[in-house]
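Student: Submitted below is the structure of interest, expressed as structure tokens.
The values are calculated or read from the model by the stated rules, or taken from the named source; none is laboratory data. Everything quoted here is computed from the prediction, not taken from an experiment. Here the Cβ is made from the backbone with ideal geometry for all residues, glycine too, and neighbour counts use every protein chain on show. SASA here: full protein model, heavy atoms, side chains in, ligands and nucleic acids out. Shrake-Rupley method; radii C 1.70, N 1.55, O 1.52, S 1.80 Å.
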2 protein chains.
Amino acid sequence: MESTKYVHGYTSRESIRLNDQANTLEEIIHHDTIFPKGSLILEAGCGVGAQTKIMASGNPGSKFISVDISEDSLMEAEKLIRSLNITNVEFEQADIYKLPFKDEVFDDAIVCFVLEHLNNPVHALHEVMRVLKKGGNLIAVEGDHGSAFFHPDSEFATAAIQCLVQLQKQKGGNANIGRELYPLLNSVGLENVSVSPRVVYADSSKPHLVEGFTRNTFTAMIEGVAQEAFGSGMMSKKDFEQGIQDLYRTAEEDGTFIYMFFKGSGIK
Amino acid sequence: MESTKYVHGYTSRESIRLNDQANTLEEIIHHDTIFPKGSLILEAGCGVGAQTKIMASGNPGSKFISVDISEDSLMEAEKLIRSLNITNVEFEQADIYKLPFKDEVFDDAIVCFVLEHLNNPVHALHEVMRVLKKGGNLIAVEGDHGSAFFHPDSEFATAAIQCLVQLQKQKGGNANIGRELYPLLNSVGLENVSVSPRVVYADSSKPHLVEGFTRNTFTAMIEGVAQEAFGSGMMSKKDFEQGIQDLYRTAEEDGTFIYMFFKGSGIK
């Protein structure tokens with residue numbers, strides 16, 4: 001069985017970060033995550049429920065079954081969803097490579113920020129497809145860390161980002177998977193595959209994005225692997241910290257920060 | 001006086017490339033280039049008229065004065081515009097650093113793919129602002145070669161792109177200027193500056209973009225500096241050619257190519 005090692009860890013700061021990210025990106029990524037009334041949706045890899053709360057509240061007429069490998073994340077997700085009085089989600093512990101469902105039971109399925117962490121995303125997609133009805137939509141959302149660029153440019157910041165890319169690779173994942181969604185979804189036999197880029201462009205005329213994305217989502221994520229990055233000798237502590245400082249620099253008055261997510265879908 | 005050295009050269013293949021580019025990008029970049037009826041518009045740096053034809057035909061109620069430093073480009077632009085029976089454009093040879101117009105005569109002004117080639121874009125923007133009426137819009141459109149990423153990834157392709165970035169830098173330009181539009185437009189005192197990213201995302205479900213952008217715009221542009229790149233020893237001929245081959249590889253069935261333009265505007 002494939003292992004799943006989650007590069008960002010399971011700390012409570014990380015769970016705040018994931019919710020900050022989801023709130024900021026709600027409009028960019030999920031404005032068009034709309035399912036037909038009465039449909040049964042599988043969310044494979046729900047984590048702490050950051051995407052779940054957006055999709056479930058945006059689709060009150062659908063029922064969600066949200067699964068994750070981590071019991072701790074599921075408990076947190078459940079707490080979050082209950083605190084928001086969202087009633088159309090059921091949580092269940094499950095391995096994405098071996099889902100505890102019969103064939104063709106779900107109307108649609110969605111996988112958000114999960115494939116990047118798997119060492120066999122094709123296998124996982126096949127398993128999600130197995131439980132999807134014929135004619136159902138499979139939606140996948142992923143980022144791509146190779147898409148990040150910014151002003152002022154900084155080789156230290158670029159190197160710090162590369163540390164996360166390398167660490168994720170060592171754990172069997174792929175932080176640059178966004179650009180590959182199109183061939184990935186095609187490779188499992190989905191039809192009418194379509195991928196759309198979702199850009200986050202932050203400058204000081206958009207303070208909510210500078211705060212919510214540049215600082216609290218992206219830079220916080222890179223900061224989150226600091227110990228591992230200089231602990232493993234990938235980068236010196238001094239250079240890594242310079243990289244983080246340079247990323248925060250892009251959040252200032254004259255800075256800009258750009259990142260791209262990809263949302264893809266195909267029909268079984 | 002600042003010099004302007006145009007990194008892409010003035011060959012006829014280049015002029016075909018610029019028109020291919022403009023046709024493909026018309027919708028992405030110019031769907032919202034709309035000027036009020038009766039307005040007088042300055043297009044500073046019109047080149048061979050690739051943007052001129054789109055803007056002038058899209059705004060038949062406006063009059064355009066399109067200027068360029070190169071007499072040859074202007075002749076070609078004029079030929080193109082006449083061949084299309086577009087009658088609302090006047091061409092004039094002019095230096096963007098010293099425009100032959102009185103203060104505050106234009107209602108709006110637009111500068112497309114020009115700032116990247118200048119060694120003093122701030123000076124040029126000040127000069128364009130001088131001839132712009134108070135309350136008029138200044139629009140700038142630029143690419144950013146640091147925004148390019150693709151699947152399959154290739155260090156040779158990345159290095160070949162960097163050759164163009166370096167060559168443009170040696171000529172006083174900045175191929176990565178797109179990310180800087182926001183601070184640039186602010187730095188000359190424009191108000192309500194707003195920048196929007198314009199993504200080109202090409203995969204094989206979008207054959208017109210694969211052909212028109214990945215192959216005929218971007219890869220052709222990098223190929224265009226081949227002699228200079230390996231002539232100057234930046235990269236070996238073999239490695240550069242591998243880079244070009246890898247860029248064409250991204251245009252195949254399972255490849256993807258992503259690039260970002262930026263369109264910014266501010267009010268005088």
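Student: Tell me the per residue accessible area of the stretch A:12-267 using a 1.4 Å probe; a whole number in Å² is fine. Please list the in-between numbers first.
Tutor: Numbers: 10070 Å² over 256 residues.
Ligands and nucleic acids excluded, the result is 39 Å² per residue.
Student: Once you charge only the Cβ atoms, +1 for Lys and Arg and -1 for Asp and Glu, what is the size of the charge dipole of chain B about its Cα centre, to the nearest 20 debye?
Tutor: Details: 24 positive and 37 negative charges, 109 e Å.
About 520 debye.
Student: Determine the calculated [θ] at 222 nm for chain B from helices alone, applying -39500 (n - 2.57) to every DSSP H run no shorter than 4 residues and normalising by the residue count; nearest 500 deg cm²/dmol. Walk me through the numbers on the way to the answer.
Tutor: Working: 9 runs with 97 residues, N = 268.
When only DSSP H runs of four or more count, the value is -11000 deg cm²/dmol.
Student: Step through the table entries A:Lys63/A:Lys133; B:Lys79/B:Lys206; A:Lys206/B:Lys263; A:Lys53/A:Lys102, compare each Cα-Cα distance with 21 Å, and write down the pairs that go over it. Could the numbers behind the result be given before it?
Tutor: Working: A:Lys63/A:Lys133 15 Å; B:Lys79/B:Lys206 31 Å; A:Lys206/B:Lys263 16 Å; A:Lys53/A:Lys102 25 Å.
Pairs exceeding the cut-off: B:Lys79/B:Lys206; A:Lys53/A:Lys102.
Student: Give me the one-decimal nm value for the distance between modelled label points at A:His31 and B:Lys134, 7 Å along each residue's Cα-to-Cβ direction.
Tutor: Going from the A:His31 label point to the B:Lys134 one covers 3.6 nm.
Student: Right, another one. Pop out the ³J(HN,Hα) list for the stretch A:92-105 in order, Karplus 6.51 cos²θ - 1.76 cosθ + 1.60 with θ = phi - 60°, rounded to Hz; leave Gly and Pro as x.
Tutor: Along the stretch A:92-105, the couplings run 8, 6, 7, 8, 4, 7, 8, 6, x, 10, 6, 5, 6, 10 Hz.
Student: For the protein assembly as shown, with the dipole built from +1 on Lys and Arg beta-carbon atoms and -1 on Asp and Glu ones, taken about the Cα centre, which of A:Asn88, B:Ile161, A:Val210 lies farthest toward the positive end?
Tutor: Farthest towards the positive end: A:Asn88.
Student: Hey, another quick one. Hey, if you put +1 on the Cβ of every Lys and Arg and -1 on every Asp and Glu Cβ in the protein assembly as shown, which of B:Ile177, B:Ala229, B:Gly49 ends up farthest toward the positive end of that dipole?
Tutor: B:Gly49
Student: Now a separate question. Per residue of the stretch A:236-245, in order, report the coupling 6.51 cos²θ - 1.76 cosθ + 1.60 (Karplus, θ = phi - 60°) as ³J(HN,Hα) in whole Hz, putting x for Gly and Pro.
Tutor: Running phi through 6.51 cos²θ - 1.76 cosθ + 1.60 with θ = phi - 60° gives 6, 4, 4, 5, 4, 5, 5, x, 5, 4 Hz.
Student: Would you mind calculating the gained length between B:Ser187 and B:Glu104 on full extension (0.36 nm times residue separation, minus the Cα-Cα distance), in nm to one decimal?
Tutor: Working: separation 83, 0.36 × 83 = 29.88 nm, distance 1.94 nm.
So the extension gain works out to 27.9 nm.
Student: With a ≥ b ≥ c the root eigenvalues of the C-alpha gyration tensor of the stretch A:206-268, is it rounded (a/c under 1.5), prolate (a/b larger than b/c) or oblate? Before the final figure, lay out each step's value.
Tutor: Numbers: a/c = 3.01, a/b = 1.30, b/c = 2.32.
Here the stretch A:206-268 falls in the oblate category.
Student: Taking θ as phi - 60°, what are the ³J(HN,Hα) couplings along the stretch A:115-123 by the Karplus curve (6.51, -1.76, 1.60), each to the nearest whole Hz, with x for Gly and Pro?
Tutor: 4, 4, 9, 9, 7, 9, x, 5, 4
Student: Let me ask something additional. How large is the Kirkwood hydrodynamic radius of chain B, in angstrom, based on all distinct alpha carbon pairs? Please report the intermediate quantities before stating the final value.
Tutor: Numbers: mean 1/r = 0.0529 Å⁻¹.
Computed over Cα pairs of chain B, the Kirkwood hydrodynamic radius comes out at 18.9 Å.
Student: Net charge around A:Val89, counting only other residues with Cβ within less than 10 Å of its Cβ (Lys, Arg = +1; Asp, Glu = -1)? It would help to have the intermediate numbers written out before the result.
Tutor: Details: positive: A:Lys53, A:Lys63, A:Arg82; negative: A:Glu43, A:Glu78, A:Glu90.
So the surrounding residues net to 0.
Student: Quick check: the distance between the Cα centres of the stretch A:136-189 and the stretch B:68-122, to the nearest angstrom?
Tutor: Distance between centres, Cα-based: 40 Å.
Student: Further, regarding this structure: Once you have the Cα-Cα distance between B:Glu228 and B:Ser194, take 0.36 nm times their residue separation minus that, and quote the gain in nm to one decimal. It would help to have the intermediate numbers written out before the result.
Tutor: On the way: separation 34, 0.36 × 34 = 12.24 nm, distance 3.63 nm.
8.6 nm is the gain from fully extending B:Glu228 to B:Ser194.
Student: Which number do you get for Rg(Cα) / (2.2 N^0.38 Å) in the protein assembly as shown? Intermediate values should be presented prior to the final figure.
Tutor: On the way: Rg = 24.8 Å, N = 536, 2.2 N^0.38 = 24.0 Å.
Its radius of gyration relative to the 2.2 N^0.38 Å reference: 1.04.
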